[in-house]
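The values are calculated or read from the model by the stated rules, or taken from the named source; none is laboratory data. Since the structure is predicted, the reported quantities are computational estimates derived from the model, not experimental observations. For neighbour counting, all protein chains shown are included, and Cβ atoms are generated from backbone atoms with ideal geometry for every residue, glycine included. For the accessible areas, the whole protein counts, side chains as well, though only heavy atoms, and no ligand, DNA or RNA atoms are used. Shrake-Rupley method; radii C 1.70, N 1.55, O 1.52, S 1.80 Å.
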Amino acid sequence: MLKYVVRRILLAIPLVLGISLLVFGLMHLAPGDPVRMLAGREAPQEVIDSIRREWGFDKPFLVQYFTWLSKVLRGDMGRSVISQLPVSYLIKSRLPYTLKLNFWATLLGLAIAFPLGVIAAAKRQTWVDYAASAFALVGMSMPGFWLALVLIIVFAVQLNWFPTSGTGTWAHYVLPTATLGFSWAAGLMRMVRTSLLEVLKEDYVRTARAKGLREKVVLVKHALRNALIPIVTVLGTWLAYMVVGTVVIETIFAWPGLGRLLTTALLQRDFFLVQAIILMISVAVVAANLLVDVLYAVIDPRVRLS
Amino acid sequence: MPSVLQRLFQHKLATVGAIVLLLLVFAALFAPWLAPNNPEDVHPEASLRGPSRQFPLGQDPSGRCILSRMLYGARASLSVGFLAGVISLGVGIIMGSLAGYFGGWVDLLIMRVAEVFMTIPQFLLVIAAVAIVGPSFTSVLVIIGLSSWTGYARVLRGEILSIKQKPFVEAARAYGSSSWRILLRHVLPNCLSPLIVMVTLNVASVILLESSLSFLGFGIQEPQASWGSILSQGRAYFQSAPHVATFPGIAIMLAVLAFNLLGDGLRDALDPKLVEGE
Amino acid sequence: MKRLVVLLIALSLLLTGCGGGGAKTSDTFIYALDADIVNLLPVKLTNVVSTTVSTQIHEPLVKYEDTYDEFVPKLATEWSMDPSGLSWTFKLRTGVTWHDGEPFTSEDVKYTYETLLDPATKSVRRANYQIIKSIETPDEHTVVFHLSEPHGPFLDKMSQVPIMAKHHVSKVGLDDYNSKAIGTGPFMMVEWIPDDHVTLKANPNYWGGKPAIENVIFKPIPEASVRAMALQKGEVHFASGLTAEDFEKVLDKGNVQGIVVDSLAFAYFGHNNRNPLFADKRVRQALAYAIDGESIVNDVRKGAAIVSVGPISPTNAVWFNPNVKQYPYDPEKAKELLAQAGWQVGSDGFLTKDGKTFSFSVILAAGDEVMRNQAVLIQKWLKDVGVDLKLEFLDWSVMNDRLDNREYEAMMLSMTPSPDPDQFNYWHSTAIDNGFNDWCYSNVQVDRLLEQGRRETDPAARKAIYDEVQAILAEDVAAVFLYHPKVLGGLNKNFTGMTEGPAGQAPLLYKVKPVK
């Protein structure tokens, strides 16, 4: 088992390097001088020169990349062009808020998707299934910010149940969590339903049924457990999905998280910050995938052998 | 093929999806004839006015006809979806065939690059790239297209690898068939169904992605309109003039829903394994 | 399974346990911002939001408070200029202490300006203060500034730099300053949670008396519509930057009082004066007649603006010159002037001259709704007189590049000048390459007047000079001036005393009182 884990981690290293290369290379897509872009329009020449020197932008691309990488590895991700505060500080102060929001949204998403998916699969082609599937399809098709604004108008302004935006009490969590959790649940529910349906067709389930076991027992004991395996894999993409949702939703709900920081940074062309956030999130995704793989190996020992 | 179509049309929801899509495509193609007004005509004195006889879906902040703008916007939204899908499909087919055909280090390299693209959340990659290059119709669709090729590449590579082992390919080789011929004759038809399903679902996600880009100001730019850009413009008036954001929002939902339904239907129709149980 | 549930509940309590928020009592005033603060350090202030917060904590030597007619003493009680105009002496207020109890002295003033002037600070405002040659501190309560030449706008410049505490800044440094800011002002920093809130509390030892409200909480809410809804619900007590529609809607509810703030900014349609197309003054005047500024104010800004005749707003009454050539909407007159300049109506309805169509493009920032709407209107009006205007919507970064390189036939933007009429950086011909003369306007007479006005220190003489500058700019149509925008805001009726002050100055929250 340990050997498997170590091997997975070693395999992740080139992946992280590749990601960093791509993220760094993005800056060079710009039509103009990347240093000018990093420094901002109003920056005096001395600021531009100092960035050029400090980050080696006068050197060839690969040298620049390694200069940057070695700084990043030592925790120096540069400074925001706009506030001139260290990027690491800006990120650190936002991270807890994004984590809290994502935690609740994930919980809510799981709480909606699993029961609904299982029921839909069990009562296939009844009105329950149709209603659940309709819910999922609508949820997947709605632009997130649209849903967010509708929820604010209905629940914050008309009904006055929750605050419109900001943080503070538990009530502040309700609307952003609902928006984020709902749209994620939609996709996940379909996944649960499909993979359960596939398992239900397998021979061992048929056998179990033939043995005369009650439907509920068949469903929970035999089918669900096996259906979990593909679902766990899907959970690997969960983090990536959440991140995308947060970018838009945090801005609308004035939530002080990473997504909003990224939005502001993009609008202000604060590219050291953009670079750092994307890099960080991508590395987190790698870590999440790694975790899922290990989990997968725990559930299904066959994986370790391949 | 007729059996596939038959199966597709037995699938009621997919039929509905296909019809909705046909209508939307029709609206986009014939926008100049269908639009009641010139989409660029401004009426500042009538800004944000609700639906009326002359302006069936009301007017935007500049008093332009929302229905007309949406009809023209359908062109942008749908063509970003289709073209980005086509670009990803093209890049995916090339990368996948290279990887599958050559194998070895080429395969390793391509699949590693694909993994990098799959790990970085696509939305982040796209907004950053669009912000850097500058948003426009072309940059949006090219960047989205270039960022979502990995799924196609994986399907194609998998298919090639499995087909390579099959005796008929060896036989074809032995008879001197060129590799390209084998690819065209045997590989592509075999993975056509998953590819078609993927493109359909991909178009849906691109339309949503474009609306999120518009929300951040990095989508299709004026004077061109997309549903996403009209919707995002309307959000400032969500309370005072809800019609501006409501109609494009519904259009996006309908289109995405239709693509999803069609995609589901196609998957079922093209994949007999699944249908069996229905 | 049960254990898992317990674990989750425990974890959830842990995660939501803490929270900022704050008490919603009548002595807490919640102020909605449209973005988070960037930097509170006085020498690094660049944007409006940071200035709004910083102004409550820090104070400059002198300040405009109710009008632009006079400077109100803040940290300086008296000031005088040497007859040569080369040195200024400020007497500082005695008995003032910093929020940490340390006394405020002349050393702090010297430190502030020297830091601002130090290239290592990388302040974008440094260039504006380079006329300061040296700073002397004869005693604890006297500061003398020595200038390289007499400078008319000197006090205006002094009003823009809040003084910071030497003993504190040199210790804390830039990185931690935002959450540890210390000033002499009416409010003291309590905490800054980035993107969430900034909390200030009343300074009990403020030299001007303790403020009436105990706490101020600034909340950044980026979405304009959400900001309006929060105001409507009473979640925040003040919000500005509302759309005209939301403004009306919010006022309708009855618990909010409208606050309309004038600004010094001027919005314009700027043709590039270097372009031969606009070399003929009659052509430029025709553009001015063809564009209906009144309609833009009413239809696009929904009345939230004043029609403009030049770069100085009528709100800035001391310096505004109303007696300049005006261009009321008159398309017939425009056509006439264009015909006089040799432009003939061609077969396609557009004007032609020497086989060339009168066609040009204007660049403007994409994503700005107001700009877009007015651009679309201008396009239509110019078409009415036979001019083909193309709209080029640019992403900000591209727009900046084009502006830097002066690559455009016309552009549309707005500028926010300081209250002092010294607009050397806008209209002097050297500012084309070295400033913000985006119109590429060059006029020998204006150049001479601007140079003179800067060196002149007698207000009456300066007034005459700048009146003439405004008259020439209008006569010449250096740009087509459109309007001076107003900012729409709302104040919860549980509070009063939100002085609007003169345009463009951050509101002074120590005058806000709860209504009992």
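General observations
- Applying 0.36 nm per residue to the separation of residue C:298 and residue C:193 and subtracting their alpha-carbon distance, the gain on full extension is 33.8 nm.
- Label-point separation, residue C:126 to residue C:172 (7 Å along Cα→Cβ), nm: 2.3 nm
- Accessible heavy-atom area order of C:207, A:161, C:396, highest first, probe of 1.4 Å: A:161, C:396, C:207
- From the Kirkwood radius over Cα pairs of segment C:62-169, Stokes-Einstein at 25 °C and 0.890 mPa s returns a whole-number translational diffusion coefficient of 170 µm²/s.
- Helix A:225-235 axis, angle to chain A major axis (alpha carbon atoms, nearest 10°): 20 degrees
- Average projected area [Cα convex hull, segment C:322-415], square nanometres: 7.9 nm²
- For the residues of A:144-152, the average number of beta carbons from a partner chain within 10 Å of their own beta carbon is 6.
- 28 Å Cα-Cα threshold exceeded, pairs from C:44/C:249; A:92/C:63; C:180/C:511; C:253/C:513; A:100/C:493; C:63/C:201: C:44/C:249; A:92/C:63; A:100/C:493
- Ordering of C:469-482, A:4-17 by burial proxy (mean other Cβ atoms within 10 Å per residue, highest first): C:469-482, A:4-17
- Under the Karplus curve 6.51 cos²θ - 1.76 cosθ + 1.60, θ = phi - 60°, whole-Hz ³J(HN,Hα) for segment C:307-322, x wherever Gly or Pro sits: 4, 10, 10, x, x, 10, 6, x, 4, 7, 4, 4, 9, 6, 10, x
- Pairwise label distance in nanometres, residue A:95 with residue A:154, each label 7 Å out on the Cα-Cβ vector: 3.6 nm
- Whether chain C is rounded, prolate or oblate, judged on the alpha carbon gyration tensor where a/c under 1.5 counts as rounded: oblate
- Listing of segment C:185-224 residues, each with accessible area lower by at least 50 Å² in the full protein assembly than in the chain alone (probe 1.4 Å): C:194, C:195, C:196, C:222, C:223
- The A-C contact accounts for approximately 3600 Å² of buried accessible area, totalled over both chains at a 1.4 Å probe radius.
- About its Cα centre, the dipole of segment C:266-486 is roughly 280 debye, where the only charges are +1 on Lys and Arg Cβ and -1 on Asp and Glu Cβ.
- Under 20 Å from a label point set 7 Å out along the Cα-to-Cβ vector of residue C:70, the amide N atoms of segment C:86-101 belong to C:89-94.
- Here each label is just a point 7 Å from Cα along the line to Cβ, and for residue C:464 and residue C:82 those points are 2.7 nm apart.
- Helix-derived mean residue ellipticity, 222 nm - over chain A, DSSP H n ≥ 4, -39500 (n - 2.57), to 500: -24000 deg cm²/dmol
- Rounded to 10°, Cα long-axis angle of helix B:66-102 versus longest principal axis of chain B: 20 degrees
- Shielding by partners, peptide B:238-249 (average Cβ within 10 angstrom, other chains): 5
- For residues of C:400-413, the mean tally of beta carbons on other chains within 10 Å: 1
- What separates the Cα centres of segment C:411-478 and segment B:131-198 is a distance of 64 Å.
- Between helix B:104-119 and chain B: long-axis angle, C-alpha atoms, 0 to 90°, nearest 10: 30 degrees
- Between residue A:54 and residue A:209, the FRET efficiency estimated from the beta carbon spacing at R0 = 56 angstrom works out to 0.25.
- Sorted into 20 angstrom bins from 0, the C-alpha pair distances of chain A split as 27, 49, 22, 2, 0 percent.
- For the pair segment C:304-336 and segment B:25-90, the centres of their Cα atoms are 37 angstrom apart.
- Per-pair calculated FRET efficiency, R0 = 51 Å: residue B:108 and residue C:455 via Cβ, rounded to 0.05: 0.10
- Gain on full stretching of the segment that runs from residue C:180 to residue C:436 - 0.36 nm per residue minus C-alpha separation: 88.7 nm
- Shape category assigned to segment B:4-277 from the gyration tensor of Cα positions, a/c cut at 1.5: prolate
- The calculated FRET efficiency for the pair residue C:252 and residue A:46, based on their C-beta separation and a Förster distance of 45 Å, comes to about 0.30.
- Kirkwood-based shape ratio for the protein assembly as shown, expressed as Rg/Rh from alpha carbons: 0.99
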